[in-house]
Amino acid sequence: MSVDLVGFLGVVLVAYVVPGPDFLVVLRSATEHPAKGRAAALGAQTGLCVHMLAAAVGLSLIAARSPVVYDAIKLLGAAYLVHLGIRAVLAARRAARERRAGQDTTGGPGDDAGPPASAAVGPARGRWRSGFTQGLLTNVLNPKAALFFLSILPQFVQGGGSPTRQIFFLGVLDVLIGVAYWFVLVAVAVRLRTLLARPKIRHRWELTTGWLFIAIGIGVAAAS
């Protein structure tokens, strides 16, 4: 098998380092719980596998050549990002109201009292399913991921072998690199959990990430 591995690895690393919607989903999930962060990472890479298989059977080529299909996928992805953002903003405001109500009735704990009861993590299975679903949908509904497999990967295919097999090899390598990168990001993000245990800081974090999701979603929808 003859592929341009050096050039491919350079492009893939740059693509992962530049933050996108999946970066924000994995980072935010990891600050909630390490298991949710890892689940979001695996979901995001599973989404890439969907695009890779779709490209192999030509579905992504159809979507890329059909403006209607491409725009529909783009708008669905944008709507999902806005949905995640609105949920985060509403959850942050609800937690702030509960914290203020608790302070009014009990004299009020300070910032160091820990997160409110509503911020407590749910059952392990629910965390994993939520993180995986968010990562999966974020990438499945991202038409740029499909175009990556159709337009970028073929540039690193060289003569001397089956183009389909080489593209599949590069796609699998991309997914595995992503898993390693996301797991490192999760390990780094987990260190933020102690800081985010302070209710006011957690509130600002939730609002910031929520509005970022909304801004990215609007940007995706508005992009030509």
Turns out the helices (runs of 4 or more DSSP H) fully within segment 152-224 with at least 3 residues that are of a type in the set (Phe, Trp, Tyr) are 163-190, 199-222
Residue count, segment 149-182, condition under 16 Å from Val17 (Cβ atoms) and at pLDDT below 80, comes to 1
Notebook entry, point to check: Could you say whether any residue in segment 30-43 is basic (Lys, Arg), touching a Lys or Arg at 6+ places or on another chain (Cβ under 7 Å) and either under 20 Å from Ala124 (Cα atoms) or buried (at least 19 other Cβ atoms within 10 Å of the Cβ) (or both)?
Noted result: yes
Of the listed residues (Leu81, Leu48, Leu75), the one being in a helix (DSSP H, G or I) and open to solvent by 50 Å² or more (accessible area, probe 1.4 Å) is Leu75
Scanning segment 189-200 for residues that are touching a residue at least 60 places away in the same chain (Cβ under 8 Å) and open to solvent by 50 Å² or more (accessible area, probe 1.4 Å), the one farthest from Ala95 (Cα to Cα) turns out to be Leu192
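The values are calculated or read from the model by the stated rules, or taken from the named source; none is laboratory data. Just so we're clear, the structure is a prediction, and the values are computed from it rather than from any experiment. Note that each Cβ is placed from the backbone with ideal geometry, even for glycine, and that neighbours are counted across all protein chains shown. Areas reflect the complete protein model, heavy atoms only, side chains present, ligands, DNA and RNA absent. Shrake-Rupley method; radii C 1.70, N 1.55, O 1.52, S 1.80 Å.
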